[in-house]
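Structure, as structure tokens:
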Amino acid sequence: MKRIYVKEEWCLGCRLCEYECAYANSGTHNIVLALKDKAIDPNVKVQEDGKITFAVSCRHCDEPLCVSACISGALTKEEGGAVTVDRSKCVGCGSCVMVCPYGAVRLTKEGSANKCQLCMNNAFGEPLCVSKCPNGAIVFEEK
Amino acid sequence: MKKYVLIGGSIATEGAIEGILSADAQARITVICGEKRPLYSRPLISYVLEKKTPDEGLYFRGKDYYEKKGVRAVYAMADKIDPEKKLVCAEGKEYPYDELLVATGSKPFVPPIKGLEGVTEKHTFYTMDDMTGLRAALEKGGKVLIVGAGLIGMKCAEGVKEYTDDIVIADMAPRPLPAATTPEAGAIVQERLSEIIDFRLNAALDRFEGNKAVFASGEEVAFDVLVLALGVRPQVGLLKEIGAEVSRGVIVNERMQTNLPHVYAAGDLVESYETVSGDKRLLQLFPSAYLGGKIAGRNMAGEEAAFTTDVPMNATKLFGIRITSAGLFLGQKTEAIVGDDYRAIYTDGDRVNGFILIGDSTRAGILTDFIRKKRSIAGVEVTKLLTDRDLSVYPAEERRAALGGKYEI
């Protein structure tokens, strides 16, 4: 399947991906409405190790531990390989957060799980963190 | 075409169906389920009682899960296994198998207590039927006594709270959640819940006199509805009577095989390889059931797969308090208080044995991964792990490969 991969040697640490992710999943095409004066809670997070930076989002594992731990059926491994979340089903137990080795599933302020869904379920249809990365450090490809 | 029979209709069975179908597309799978309803998620019953999840939501993979997977569902209680003829008998009918999975799970433990037979409204809280029975009783109103302050009793209390504020929770232990927390964390939970829950701790139940509990101390608690949440026991009967090896639970090898040919077991009834101690233990966890079932299924279908590492773990939110833990609370303890949150990590040399987090659990899976993979914490600050963990705590090579797509962490 096509996945998001990160070339950490190319990452500038600019965090544009975080803002683009928040915009992509805001439910509006107006970037000002989406981001102005808002505390963002994106599905991709830039982390650092000394001077090295890298953008971390769901790896869409072949054997996703989050899905095997999910008691509510909110997390699903889809036929095409993507791991999706149906937040209306989530009970907020946090089992997914307890098991994800990438720390790529989180609980939002409202208390339900959220994660990268490859922009499949929003108006953009392809990962905006990838297309908007100014240095090509995030790619979406089949390996 | 191989015939697979799976006894039990819960999470290990779901895992096994997925495992079998991944390896054998022609599989003929029969599920024999004594609970007589489609696959559902038992941990959701407290959320349904609490009215946070609709009744239909219990069928967490859809009510038509078996149909979708092409699985024949037989809603009958399995009475006996004939390992010679390779048959399962259930309510007068016989079901032949090539490969058998016993996934009968566990059931609530109800010890003999004097006077229990005279209690008019007594319930356990484990199955969907338990929940609907309790809900009907609660809708009539009255005072509730829950005996057992473990996870089941406490999650039950959260649901009961939707119906009445008049709840007493009693336990022999000195604190709530005695098995799932440390003394420090349990004390925090107790303190934060003491305004909404009337705890009776260190309280050994002596007898019932009608709808009144009498404790060893002489203390009496009158109630209208009684819930017994005293833990669960593995259901090993079917396997024991045909000579399977059973200790506290059924003994299986890494491939989830019992000592009997073509007979596998997974879920609450089996002992797992516990990673930290290296011992076989009854873990009885949801993810263990799914993963164990899946490994069993793949092996039943002719693949070679092993379930070699299992970590005790729990994540829950209880009356707004998030509690996340994994591993064993043994070794050197390092604590951190961050705002209202309490965190502790237990280490031995360069290994993480366990952790418990009250409050924020962001990226807790990284801590769990240290336990599961027996990673070394050499060069990683323990306070970083406790307060600000991210992928920088993994070896750079491994992180780069994982993000760059060479392999999964």
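The values are calculated or read from the model by the stated rules, or taken from the named source; none is laboratory data. These figures come from a predicted structure and were not determined experimentally. All Cβ positions, even for glycine, are placed from backbone atoms using ideal geometry, and neighbour counts span all protein chains on display.
In table form, for the structure just shown:
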quantity: Verdict on residue B:278 being in a helix (DSSP H, G or I) and assigned by TED's automatic domain parsing to the domain that holds residue B:20; calculated: no
quantity: Flag for residue B:282 being closer than 24 Å to residue B:127 by Cα and out of contact with any Leu (no Cβ under 7 Å at 6 or more places or on another chain); calculated: yes
quantity: Residue list for the range B:384-398, restricted to those being basic (Lys, Arg) and either within 17 Å of residue A:98 (Cβ to Cβ) or modelled with pLDDT of 95 or more (or both); calculated: B:389
quantity: Matching residues in the range A:27-49 - criterion: being in contact with a helix residue (DSSP H, G or I) (Cβ under 8 Å, 6 or more places away or on another chain), without any contact (Cβ under 8 Å) to a residue 24 or more places away in the chain and not in a strand (DSSP E or B); calculated: A:28, A:31, A:34, A:35, A:38, A:40
quantity: Residue satisfying all of: in the range A:72-121; within 19 Å of residue A:55 (Cα to Cα) and among the basic types (Lys, Arg); farthest from the other protein chains (Cβ to nearest Cβ) among these; calculated: A:115
quantity: Residue ranges of strands (runs of 3 or more DSSP E) in the range B:189-256 with at least 1 members touching a Gly at 6+ places or on another chain (Cβ under 7 Å); calculated: B:205-208, B:225-228, B:232-234
quantity: Members of the range A:1-32 found to be away from chain B (no Cβ under 14 Å), buried (at least 16 other Cβ atoms within 10 Å of the Cβ) and among the aliphatic types (A, V, I, L, M), listed by number; calculated: A:16, A:22, A:24
quantity: Options B:107, B:114, B:86: the member that is surrounded by fewer than 14 Cβ atoms within 10 Å (Cβ to Cβ), away from every other protein chain (no Cβ under 14 Å) and of a type outside the set (Val, Ile, Thr); calculated: B:114
quantity: Count - residues of the range B:117-141 that are exposed (fewer than 15 other Cβ atoms within 10 Å of the Cβ), of a type outside the set (Lys, Arg) and part of a loop (DSSP other than H, G, I, E, B); calculated: 2
quantity: Residue among B:144, B:88, B:74 that alone is in the same structural domain as residue B:13 (by TED's automatic domain parsing) and touching a Ser or Thr at 6+ places or on another chain (Cβ under 8 Å); calculated: B:74
quantity: Verdict on residue A:83 being under 25 Å from residue B:56 (Cα atoms), without any contact (Cβ under 8 Å) to a residue 60 or more places away in the chain and in contact with a Pro (Cβ under 7 Å, 6 or more places away or on another chain); calculated: yes
quantity: Exclusive hit being touching a Leu at 6+ places or on another chain (Cβ under 8 Å) and under 24 Å from residue B:117 (Cα atoms), set B:189, B:227, B:232; calculated: B:227
quantity: Hits in the range A:119-128 - residues which are over 14 Å from residue A:60 (Cβ atoms) and either modelled with pLDDT of 95 or more or aromatic (Phe, Trp, Tyr) (or both); calculated: A:124, A:128
quantity: Subset tally (residues that are more than 8 Å from every other protein chain (Cβ to nearest Cβ), part of a loop (DSSP other than H, G, I, E, B) and not charged (D, E, K, R)) for the range A:51-69; calculated: 4
quantity: Elements of type helices (runs of 4 or more DSSP H) in the range B:281-399, at least 3 residues being more than 9 Å from chain A (Cβ to nearest Cβ) and surrounded by fewer than 23 Cβ atoms within 10 Å (Cβ to Cβ); calculated: B:382-387
quantity: Filter result for the condition that a residue is in contact with an Asp or Glu (Cβ under 8 Å, 6 or more places away or on another chain), assigned to a loop (DSSP other than H, G, I, E, B) and surrounded by fewer than 18 Cβ atoms within 10 Å (Cβ to Cβ), over A:73, A:103, A:81; calculated: A:81
quantity: Leading residue by the ranking (nearest to the other protein chains (Cβ to nearest Cβ)) among those in the range A:122-143 that are over 16 Å from the mean Cα position of the chain (by Cα) and assigned to a loop (DSSP other than H, G, I, E, B); calculated: A:143
